[in-house]
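The block underneath contains the structure these notes are about, expressed in structure tokens.
The values are calculated or read from the model by the stated rules, or taken from the named source; none is laboratory data. Keep in mind the model is a prediction, meaning the values are calculated, not measured. Positions of Cβ are backbone-derived with ideal geometry, glycine not excepted, and every protein chain shown enters the neighbour counts.
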Amino acid sequence: MARPGQRRPGAARPDAGATRRRAPRPDEEGIIPVLAQLAREVDSTVQRPPTRPAVRTKFQVVALLVREERARVMAGGTSEAHRSKELKRLDGVATMLARTAARDTSLLRLLAEDAQVSDAARAYKATVMRAGGLEPPPEPEPVAPPAPAPGTETKVVPRSVIARQLANPFLAPDFEAAAERVATRPRRLAGWELLEPLFRSFEYAADGSPACMRLPETRPVHAPQGRELMPHQAQVVAATAAGHRTFLLADEPGLGKTAQALLAAQAANAFPLLVVAPNVVKTNWAHEVSMWTPLRRATVVHGDGEQVDAFADVVIVNYELLDRHVGWLGDLGFRGMVVDEAHFIKNKGSHRSQHVLAISDRIRERAGRPLMMALTGTPLINDIEDFRAIWQFLGWIDDTMPLGSLMAALEDTGLTPADLGFYAAARNAVIDMGIVRRRKVDVVADIPARRVADLPVELDEAASRSIRASEQALAQRLVQRYQAAVQARPESARVEGIDHEVVHRVASAELKESSAQTGGENVFTMVRRIGQAKAGLAADYAAQLARNVGKVVFFAKHVDVMDAAEQMFAQRGIRYASIRGDQTPKVREKNVTAFVDDPEVSIAVCSLMAAGVGLNLQVASNLVLAELSWTDAEQTQAIDRIHRIGQSEPVTAWRVIAAHTIDSAIAELIDSKSGLAARALDGALDEDLPSTTDVRLEALARLLTDALAAEGLG
């Protein structure tokens with residue numbers, strides 16, 4: 001018996017037949033000629049898109065065997081000349097694979113270290129090895145996972161969840177649930193493979209326009225006081241009110257998908273509602289709940305969920321925590337579920353995808369017509385198959401066939417996959433299930449030409465504790481100064497409550513000292529530390545934006561924040577251009593040109609001070625403000641780098657704000673000064689508006705005022 005990977009005597013070539021042939025030359029024997037032939041076949045097939053799953057499997061197997069054969073040759077005991085010759089032949093096969101991957105870049109995903117190798121790929125690999133005279137390694141014996149030690153199980157059930165279950169141990173029966181689970185059985189389409197034609201219909205029957213279901217005419221939607229839905233947002237809410245319950249909401253970023261989802265839940269009475277979102281935006285979801293559905297209470301799941309409120313109307317959890325909470329989340333009685341950035345579940349083999357699908361199945365078992373919404377600006381990343389997990393989450397398909405209303409719609413077409421008109425009809429049937437796609441350019445009349453959208457984020461726990469401690473220490477120092485100043489005033493000059501004149505004097509003194517201070521903790525060092533703590537979160541969001549919309553501009557004030565962002569982009573394989581103050585004009589121009597002209601350069605990482613003026617970056621319509629400026633003018637100059645002549649789309653500036661820190665106060669003050677400046681330029685300045693425009697002074701004054709009120713010293 002030959003050892004695994006060893007040449008088998010008398011191994012047959014894959015094209016060997018009964019006919020007697022000439023003896024093969026030495027360079028025609030072995031695994032390398034087999035791999036070269038397969039690589040040529042794959043390259044020829046990829047030139048005729050789309051690339052089928054079987055071809056993708058063949059590409060992956062050839063690449064894996066080239067990698068393994070190279071390692072075997074390098075470790076072998078042959079002569080240097082023979083080793084060099086074999087490596088050169090392998091380089092030829094690798095070059096063919098690289099040329100093939102250049103034709104279809106999605107193939108590169110199959111070469112990643114974490115790429116999954118399916119059972120079919122393993123079986124085909126063994127076949128190829130035998131054809132090349134190698135003995136494949138034996139299949140490993142399945143090993144049962146060890147039982148977790150007591151107390152080490154990852155699953156948790158928060159105390160408040162147990163309290164809710166005890167308070168209401170029996171969920172009300174939903175007779176619609178049983179009716180919904182009665183699947184529509186195929187009649188005319190029985191025996192047909194339908195999922196593959198459904199996926200391919202979005203390639204074969206595309207007509208060039210965005211895929212979007214028919215939506216009702218815009219009608220007034222009740223929104224909280226001071227807020228108004230844009231017409232395109234109101235259409236989704238109206239469709240929900242009319243009875244639609246599943247949506248793949250694929251609007252471009254900046255078109256308000258979060259508000260649409262929350263008000264759709266309101267229209268469908270889909271509370272309690274579960275929201276699964278990336279970590280960077282889960283705090284923003286809680287913020288949006290308070291803005292758009294203020295009568296509903298939100299809770300955010302952190303860690304083991306000790307602080308979670310199981311009686312809340314909206315439960316928000318990030319993907320990374322699902323493995324701990326998947327059990328109770330499936331049994332809490334949700335009547336709706338929203339999956340934000342739904343392309344995160346495109347890999348059905350991943351744990352996050354499996355957890356999302358398991359929870360959605362449990363919700364459908366308990367509620368007849370739950371509201372299920374998948375939100376993503378990019379429903380497709382590499383391949384049309386990326387639809388599979390999202391459609392399954394929405395309940396449109398299972399592992400083998402279309403379900404319910406989708407199957408009924410396909411039956412109603414009167415067509416089969418053998419008919420020419422099937423693909424167009426199938427595509428329309430899927431779209432009508434609830435695909436909604438609008439671009440900025442499609443609804444340009446609905447949205448402002450430029451707007452600032454705040455993105456509250458939760459800092460890392462250690463950084464958050466440190467920054468809060470610094471804020472408390474600074475506030476206490478200001479309180480002590482305030483008390484000393486009040487005591488020094490004559491009795492006749494003292495006022496009832498908080499003396500705002502003294503507050504501003506104390507804040508002004510602290511600001512003056514901080515400006516001259518070279519060490520120690522002050523308002524400037526504290527804000528810089530907040531920026532450093534936000535760097536990774538801001539970069540993460542910029543990376544998501546770049547994946548959704550293309551080019552993005554990332555602004556930061558400090559070099560270390562830019563360095564941290566660029567390091568994250570490099571780790572994720574995202575190409576970026578760096579625009580800094582210490583660059584020569586030639587280097588700066590080269591980097592600007594790369595961002596503007598090279599489609600592979602997704603992000604421009606810019607210094608707020610160096611790139612705030614004199615640049616034309618209107619190739620992007622989205623920017624991320626990782627750090628706050630002290631003036632509205634600097635923020636406006638940054639936005640103006642992309643909102644200028646030549647910009648064809650509305651511009652959105654995503655301002656990352658550290659929740660529960662002085663960052664929030666600074667953002668509010670910048671906005672108030674923005675309104676002040678606008679009214680002053682319009683000649684309509686109100687007399688009762690504050691005269692100062694120093695955000696730093698106002699931030700310190702607010703910190704002191706809040707501390708005095710908290711201590712009852714007013």
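Per the listing Ile435, Ile467, Ile447, the residue uniquely in contact with a Cys (Cβ under 8 Å, 6 or more places away or on another chain) and crowded, with 18+ Cβ neighbours inside 10 Å is Ile435.
Quick one: which residue in Arg451, Arg427, Arg438 is closer than 28 Å to His232 by Cα, part of a helix (DSSP H, G or I) and of a type outside the set (A, V, I, L, M)?
Working: Arg451 fails: part of a helix (DSSP H, G or I); Arg438 fails: part of a helix (DSSP H, G or I).
Criteria check complete, one pass: Arg427.
If you go through region 638-685 and keep only what is of a type in the set (Val, Ile, Thr) and at pLDDT 85 or above, you end up with Val651, Thr652, Val656, Ile657, Thr661, Ile662, Ile666.
Which one is surrounded by the fewest Cβ atoms within 10 Å (Cβ to Cβ), of the residues in region 556-572 that are touching a residue at least 60 places away in the same chain (Cβ under 8 Å) and touching an Asp or Glu at 6+ places or on another chain (Cβ under 9 Å)? Show your work before the answer.
At the first step, the residues of region 556-572 found to be touching a residue at least 60 places away in the same chain (Cβ under 8 Å) are 556-558, 561, 565.
Next cut, touching an Asp or Glu at 6+ places or on another chain (Cβ under 9 Å) only: 556-558, 561.
Working: Ala556: 29, Lys557: 20, His558: 18, Val561: 26.
So, considering only residues that are touching a residue at least 60 places away in the same chain (Cβ under 8 Å) and touching an Asp or Glu at 6+ places or on another chain (Cβ under 9 Å), the one surrounded by the fewest Cβ atoms within 10 Å (Cβ to Cβ) is His558.
What number goes with the only condition from (1) crowded, with 21+ Cβ neighbours inside 10 Å; (2) without any contact (Cβ under 8 Å) to a residue 24 or more places away in the chain that Ala367 does not pass? Every condition holds for Ala367 apart from (2). Within region 279-326, the set of residues being outside any strand (DSSP E or B), buried (at least 17 other Cβ atoms within 10 Å of the Cβ) and among the small types (Gly, Ala, Ser) comprises Ala286, Gly305, Ala310, Ala312.
For residues in region 200-233 being of a type in the set (D, E, K, R) and more than 16 Å from Tyr423 (Cβ to Cβ), which is modelled with the lowest pLDDT?
Restricting attention to region 200-233, the residues satisfying the condition of being of a type in the set (D, E, K, R) are 200, 203, 207, 214, 217, 219, 227-228.
Subset that is more than 16 Å from Tyr423 (Cβ to Cβ): 214, 217, 219, 227-228.
Values: Arg214: 91, Glu217: 82, Arg219: 71, Arg227: 79, Glu228: 80.
Of everything passing the filter in region 200-233, Arg219 is modelled with the lowest pLDDT.
Is it the case that region 389-398 has a residue that's modelled with pLDDT of 90 or more, under 28 Å from the mean Cα position of the chain (by Cα) and surrounded by fewer than 19 Cβ atoms within 10 Å (Cβ to Cβ)? For region 389-398, residues modelled with pLDDT of 90 or more, under 28 Å from the mean Cα position of the chain (by Cα) and surrounded by fewer than 19 Cβ atoms within 10 Å (Cβ to Cβ): present.
Checked against (1) surrounded by fewer than 18 Cβ atoms within 10 Å (Cβ to Cβ); (2) touching a Ser or Thr at 6+ places or on another chain (Cβ under 9 Å); (3) more than 30 Å from Ala469 (Cα to Cα); (4) modelled with pLDDT of 85 or more, Pro599 passes all but a single condition, namely (2).
Limited to region 489-508, what total is found for residues that are hydrophobic (A, V, I, L, M, F, W, C), touching a helix residue (DSSP H, G or I) at 6+ places or on another chain (Cβ under 7 Å) and assigned to a helix (DSSP H, G or I)?
Filtering region 489-508 down to residues hydrophobic (A, V, I, L, M, F, W, C) leaves 493, 495, 498, 502-503, 506-507.
Checking the rest, the ones that are also touching a helix residue (DSSP H, G or I) at 6+ places or on another chain (Cβ under 7 Å) come to 498, 502-503, 506-507.
From the residues that got through so far, the ones that are assigned to a helix (DSSP H, G or I) too are 502-503, 506-507.
Count: 4.
Residues in region 85-112 that are surrounded by 11 or more Cβ atoms within 10 Å (Cβ to Cβ), farther than 25 Å from Thr51 by Cβ and without any contact (Cβ under 8 Å) to a residue 60 or more places away in the chain: 3 in all.
Out of curiosity, is Gly132 small (Gly, Ala, Ser) and modelled with pLDDT under 55? No.
Residues are listed down the side, and each one gets a yes or a no for (1) hydrophobic (A, V, I, L, M, F, W, C); (2) at pLDDT 75 or above:
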{"residue": "Asp104", "(1), (2)": "no, yes"}
{"residue": "Lys125", "(1), (2)": "no, yes"}
{"residue": "Ala149", "(1), (2)": "yes, no"}
{"residue": "Glu153", "(1), (2)": "no, no"}
